[in-house]
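Step one of this worksheet: look at the structure below.
The values are calculated or read from the model by the stated rules, or taken from the named source; none is laboratory data. Note that the coordinates shown come from a computational prediction; the quantities given were computed from them, not determined experimentally. No Cβ is skipped: glycine too gets one built from the backbone with ideal geometry, and neighbour counts run over all protein chains shown.
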Amino acid sequence: MTSFQRIYLDHNATTPVDPRVMDAMLPYFSDCFGNPASVDHEFGYEAKLAVDRARDSVAKSIGAHSDEIVFTSGATESNNLALFGVAERYAERGDHIITCQTEHKAVLDSCRRLAKLGKKVTYLPVDWHGHVHLDELEKAITERTVLISVMAANNEIGTIAPLAEIGAIAQAHGVLFHTDAAQAVGHVPVDVQTMGVHLLSISAHKTYGPKGVGALYVRSSNPRARLSPVIYGGGHERGMRSGTLNVPGVVGLGEALRIADKQMTADAQRFRSWGVRMLNELRDSLGDVELNGHPTERLPNNLNLYFPRVESKALIVQLKDVAVATGSACTSLSVEPSHVIEALGFGAARAHSSVRIGFGRFNTDEEIGRALVRIADSVKGLRALS
Ligand SMILES: *Cc1c(COP(=O)(O)O)cnc(C)c1O
């Protein structure tokens, strides 16, 4: 294996743990192994202090208060807790949830399950860029609507939603607003106050933290969002998520977001220049290449490209040591084309010929140049065959 030559360009699927994050985590596996819920002694108290610091960091990164952060096992669990938690807690008030066709499966499959349990779900379509129509969103709200769930940034095409506008609509109608911000937090500025968000999902491993840890922001005032728990037990996390906290993971999430706050702007600038370079150079050498998603309202680290007359599965096989993706990590295990690209309305062919490229903090200019050549050569080769 010439593993030193591999180039990882799939940072929307997961990111490596930043060495600074790992350093922050390590003591909490061994020396400071205490249970943060067992504060009768210093072992537990030290762990609790570390969790408190991490909670402050997570809260600060989204403009929240520390007591509004519930630690979970990741954005999948956070999404489940938001959707099932609101559906149960507000069952008296209503039974209708509004979401969007391009959501992550953690939202879509939760909604499907809720529909089986008797709830009503509206799946809003999106425009060519992956945005919901705000007027359609507003029209979909009924007396029975309890929750709007629209993701902050799409994990496949990178489109960033107009959160503040959606938040304003939700507020005007007295409906709670949840956003799956797994791809946004740590990458673009997010502020739950100005965006009018009531519930927000975070994942550590999408932003240089460890896998298996995340958080749900739960607004505590104006109005307070209430949740029924999904996991029952010792009443940890103010009863919303029982279970002994993953202390090293939580510390890692806190450190990852502390670093992101400082580094986000510089990282984004580098990623944007790589995106422009890739798109321009691939267009020059290949002719027709098109960008999926919004041209400007998009994640800096994401480039989703449509290569007409090229099967994306074949391209990925050709690229071998350049790791890019056909779609979301979860759907690419199966042979289904991306539900996100299909929802854009260009026809099914586009979903079979699109590739997601995700830049990361540890990529280099040299890697981008090398990946570019590999992609151009592979697409040319495949087009010559077809
Ligand atoms: C990765 C991702 C998830 C799932 O997060 P996990 O922490 O892996 O459970 C959910 N939503 C979006 C948009 C994601 O990108």
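Below, the figures for the structure above:
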{"quantity": "Checking residue 206 against (1) over 30 Å from residue 17 (Cα atoms); (2) of a type in the set (Lys, Arg); (3) within 19 Å of the chain's Cα centre (by Cα), the condition it does not meet", "calculated": "(1)"}
{"quantity": "Where residue 200 falls short, out of the listed (1) away from the ligand (no atom under 11 Å from the Cβ); (2) surrounded by fewer than 24 Cβ atoms within 10 Å (Cβ to Cβ); (3) outside any helix (DSSP H, G or I)", "calculated": "(2)"}
{"quantity": "Number of the condition not met by residue 1 [criteria: (1) at pLDDT 95 or above; (2) farther than 30 Å from residue 159 by Cβ; (3) assigned to a loop (DSSP other than H, G, I, E, B)]", "calculated": "(1)"}
{"quantity": "Close pairs from region 263-281: first touching a residue at least 60 places away in the same chain (Cβ under 8 Å), partner in a helix (DSSP H, G or I), Cβ under 7 Å, at least 6 apart", "calculated": "274/368; 277/368; 278/368; 278/372; 281/372"}
{"quantity": "Residue in region 151-164 that is outside any loop (DSSP other than H, G, I, E, B) and more than 16 Å from the ligand (Cβ to nearest atom) present", "calculated": "yes"}
{"quantity": "Whichever residue in region 203-226 is surrounded by fewer than 23 Cβ atoms within 10 Å (Cβ to Cβ) and more than 16 Å from the ligand (Cβ to nearest atom) and, among such residues, is nearest to residue 255 (Cα to Cα)", "calculated": "219"}
{"quantity": "Within region 97-149, tally of residues that are in contact (Cβ under 8 Å) with a residue 24 or more places away in the chain, under 17 Å from residue 174 (Cα atoms) and of a type outside the set (Asp, Glu)", "calculated": "14"}
{"quantity": "Filter pass, residue 282 being outside the structural domain of residue 31 (by TED's automatic domain parsing), within 16 Å of the ligand (Cβ to nearest atom) and aliphatic (A, V, I, L, M)", "calculated": "no"}
{"quantity": "Qualifying residues in region 68-119 (those that are touching a Cys at 6+ places or on another chain (Cβ under 7 Å) and outside any helix (DSSP H, G or I)) - the one surrounded by the fewest Cβ atoms within 10 Å (Cβ to Cβ)", "calculated": "99"}
